[in-house]
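Heads up: the structure comes next, in structure tokens.
No lab work stands behind these numbers, since they all come straight from the coordinates. This is a predicted model, so every value here is computed, not measured. Note that each Cβ is placed from the backbone with ideal geometry, even for glycine, and that neighbours are counted across all protein chains shown.
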Amino acid sequence: MLPDSTQENRWTNWPENMDEATERSRKQLDGNPVASQPDEFIIFLDETHHNCQPILTALQTMSVSYERHGAHFRSGALDDEWLPYVGSRKWVLVTSDKKIRYNELEREKVIRYGIREFVFTSGNLNGKMMGEILTKAMEKMKKLCKHHDPPFIASISKGGNVEVRYDKDGSVHNRKRKNS
């Protein structure tokens, strides 16, 4: 079940009645290729962040839809339990779990399950700071998700900058070094 505030955010574009939806679906194509509806941008807050009120408030203020770990999984659920679920729904993972970034087995899971992951990279951040950083970074996160196919792991810096670190081809940093 979605939190009430998230339901309001997610369902604002639904037609008031099915006749309206049917009218839209009957439109004729003019022969030009039609871009598919972009994936909905829904944040998934991992177990560490799913009850962090400043992050929840920041997402609500920005009208960003989100899902919380605790709404779907028990406390202590293993990555293999929830990463496939998140990836199959094309949700955008927000975490500060640096082991995923540095541990090869963890990175392989992100790749295998097609995860779009954003990691807070600065240590010792409190909830208020993470909410502020997320607010600064949100448009960059959305843009990255729109223009970069999953899977990827991107960092969110203290200043709100976003940078892809790993993708399906491995370390972006290592590729840049090789090409220099």
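Pairs only if they're at least six apart or on different chains, beta carbon under 6 angstrom, first in the range 106-119 and among the aromatic types (F, W, Y), second part of a strand (DSSP E or B); list them, first residue then second.
The qualifying pairs are F118/V94; F118/A154; F118/I156.
Here is a check on your reading of the model: is K168 touching a helix residue (DSSP H, G or I) at 6+ places or on another chain (Cβ under 8 Å) and not hydroxyl-bearing (S, T, Y)?
So K168 fits the description; yes.
Select the strands (runs of 3 or more DSSP E) contained entirely in the range 57-176, then report the ones holding at least 1 residues which are closer than 16 Å to F44 by Cβ and among the acidic types (D, E).
Working: elements: 65-68, 92-95, 116-120, 152-156, 162-167.
Hits in the range 57-176: 65-68, 116-120.
N124 fails exactly one of the following numbered conditions: (1) within 21 Å of T57 (Cβ to Cβ); (2) surrounded by 16 or more Cβ atoms within 10 Å (Cβ to Cβ); (3) free of Cβ contacts under 8 Å to residues at least 60 places away in the same chain. What is the number of that condition?
Only one criterion in (1) within 21 Å of T57 (Cβ to Cβ); (2) surrounded by 16 or more Cβ atoms within 10 Å (Cβ to Cβ); (3) free of Cβ contacts under 8 Å to residues at least 60 places away in the same chain is unmet by N124, namely (2).
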